[in-house]
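One structure is given below, encoded as structure tokens.
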């Protein structure tokens with residue numbers, strides 16, 4: 001297992017004068033509460049902290065005395081620094097791993113002309129063509145005699161370079177304005193706690209059904225929301241198709257034992273070493289779709305298959321479904337036609353919160369209702385999506401049983417439709433979406449069989465402060481005093 005450089009400056013205060021803005025999804029409740037972040041949380045902001053956070057709602061600078069508070073909100077995904085986009089690129093080494101795809105390499109090198117570029121020939125059968133292409137555009141070349149895979153090639157490129165920042169770009173990625181993209185990524189590293197930064201990866205141009213689907217649902221697209229990257233958060237990893245990394249954080253880099261999923265492993269180890277990773281949704285690059293249906297299907301299967309190896313390294317972080325026990329029961333009860341059970345659970349949760357907020361909120365009941373409602377709404381869609389993504393074929397099998405048909409199909413439809421929450425529905429996308437989920441699920445089960453481990457199939461159900469007695473309305477029995 002490779003290691004990363006530990007972060008020695010944990011919770012370094014934000015530099016005074018840095019411009020920041022509160023996360024767009026953050027919301028103030030009652031008199032002194034703030035909800036949002038990654039993962040979603042509730043914060044009570046006492047005293048002047050509330051006024052400071054409200055000032056940052058539309059963007060403002062960090063003043064003296066606010067530096068540590070700003071750092072806390074940044075690490076919780078509630079606050080984002082804003083930096084100028086004219087960062088220099090003289091201290092950036094661009095590393096491109098390539099294996100026998102000269103056409104894509106030539107196009108990418110033309111876009112990166114004038115930058116410090118190193119091409120890593122990952123055991124291509126015709127090294128002369130790769131060498132000539134690199135020479136044509138003035139790029140340095142590292143030749144590997146045998147194919148090591150993307151992780152090994154990137155590590156070789158990092159070892160052959162020395163500048164403070166590394167930018168890994170896959171050969172099938174296109175950057176319409178490379179200098180602007182890399183400059184905007186580089187600017188983020190004015191935050192000394194940032195270990196890596198990635199743009200949004202969209203599907204490339206094309207007129208086929210497959211190309212149009214990729215443009216809307218590229219498997220490397222982490223969505224329209226800029227945020228920090230946190231295991232278990234809304235964006236829990238970023239792909240290395242285009243990734244800028246601080247060399248001090250890189251260490252010895254990617255795990256070369258992983259032929260796929262090395263990006264997830266790398267990003268999570270950065271987080272474990274207290275480095276921040278940021279996703280910039282407003283900076284975009286494109287990624288070419290697979291050239292045939294067979295390769296398209298195999299790509300999705302391989303993505304699913306990587307989960308078992310990752311689960312052996314990262315345990316419950318790879319759980320296909322993560323949910324609070326009673327939240328899960330509430331949604332399941334609605335599926336099987338017992339919505340009053342879910343109502344009862346929500347009411348108990350509200351009463352517990354109301355009691356907790358009695359001394360802290362002006363309107364504790366309204367605050368408790370708001371939190372419970374937001375929690376239920378936020379978890380329902382992603383939960384159904386996660387179930388369909390991994391267990392979709394199991395749900396269709398369950399639908400063959402008369403008693404299970406209705407809840408299984410309802411869950412399948414909701415989980416499938418959830419992917420269109422940010423997109424307009426195109427009917428031509430529906431069969432591809434079903435095939436996409438099916439291929440990924442097949443890959444997860446194949447990976448479990450290959451590794452003889454069920455970790456990637458095992459849901460993570462967390463416990464709650466709500467007990468069965470609370471839901472049933474049974475009073476807690478008091479122990480009888482010995483004097484009575």
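The values are calculated or read from the model by the stated rules, or taken from the named source; none is laboratory data. Everything numeric in this text was worked out from a predicted model, so none of it was measured. In this analysis, Cβ positions are derived from the backbone assuming ideal geometry, glycine residues included, and neighbour counts consider all displayed protein chains.
Would you point out which residue out of 142, 181, 120 is in the same structural domain as residue 242 (by TED's automatic domain parsing), in a helix (DSSP H, G or I), surrounded by 18 or more Cβ atoms within 10 Å (Cβ to Cβ) and touching a strand residue (DSSP E or B) at 6+ places or on another chain (Cβ under 7 Å)? Reasoning before the result, please.
Numbers: 142 fails: in a helix (DSSP H, G or I); 120 fails: in a helix (DSSP H, G or I).
Exactly one residue qualifies, and that residue is 181.
Could you pull out the residue among 380, 305 that is within 22 Å of the chain's Cα centre (by Cα) and buried (at least 19 other Cβ atoms within 10 Å of the Cβ)?
Numbers: 380 fails: buried (at least 19 other Cβ atoms within 10 Å of the Cβ).
Selected residue: 305, the only one of 380, 305 that is within 22 Å of the chain's Cα centre (by Cα) and buried (at least 19 other Cβ atoms within 10 Å of the Cβ).
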Going residue by residue through the range 370-382, is there one that turns out to be in contact with a strand residue (DSSP E or B) (Cβ under 6 Å, 6 or more places away or on another chain), under 30 Å from residue 303 (Cα atoms) and at pLDDT below 95? no
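Give the range 16-28 a look and list any residue that's part of a strand (DSSP E or B) and closer than 23 Å to residue 324 by Cα, or say none.
We begin by selecting, within the range 16-28, every residue part of a strand (DSSP E or B); these are 19-22, 27-28.
The one that is part of a strand (DSSP E or B) and closer than 23 Å to residue 324 by Cα: 27.
Residues are listed down the side, and each one gets a yes or a no for (1) modelled with pLDDT of 95 or more; (2) touching a strand residue (DSSP E or B) at 6+ places or on another chain (Cβ under 8 Å); (3) in a loop (DSSP other than H, G, I, E, B); (4) not assigned by TED's automatic domain parsing to the domain that holds residue 433:
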{"residue": "152", "(1), (2), (3), (4)": "yes, yes, no, yes"}
{"residue": "156", "(1), (2), (3), (4)": "yes, yes, no, yes"}
{"residue": "187", "(1), (2), (3), (4)": "yes, no, no, yes"}
{"residue": "210", "(1), (2), (3), (4)": "no, no, no, yes"}
So residue 267 fits all but one of (1) without any contact (Cβ under 8 Å) to a residue 60 or more places away in the chain; (2) within 30 Å of residue 190 (Cβ to Cβ); (3) crowded, with 23+ Cβ neighbours inside 10 Å; what number is the exception? (1)
Picking from 278, 288, 300, which residue would you name as being modelled with pLDDT under 95 and either touching a strand residue (DSSP E or B) at 6+ places or on another chain (Cβ under 9 Å) or under 27 Å from residue 213 (Cα atoms) (or both)? 288
When the residues of the range 184-208 are narrowed to those that are closer than 10 Å to residue 287 by Cα and in contact with a helix residue (DSSP H, G or I) (Cβ under 9 Å, 6 or more places away or on another chain), which ends up surrounded by the fewest Cβ atoms within 10 Å (Cβ to Cβ)? 205
All but one of (1) closer than 21 Å to residue 37 by Cβ; (2) not assigned by TED's automatic domain parsing to the domain that holds residue 463 hold for residue 381, so report the exception by its number. (2)
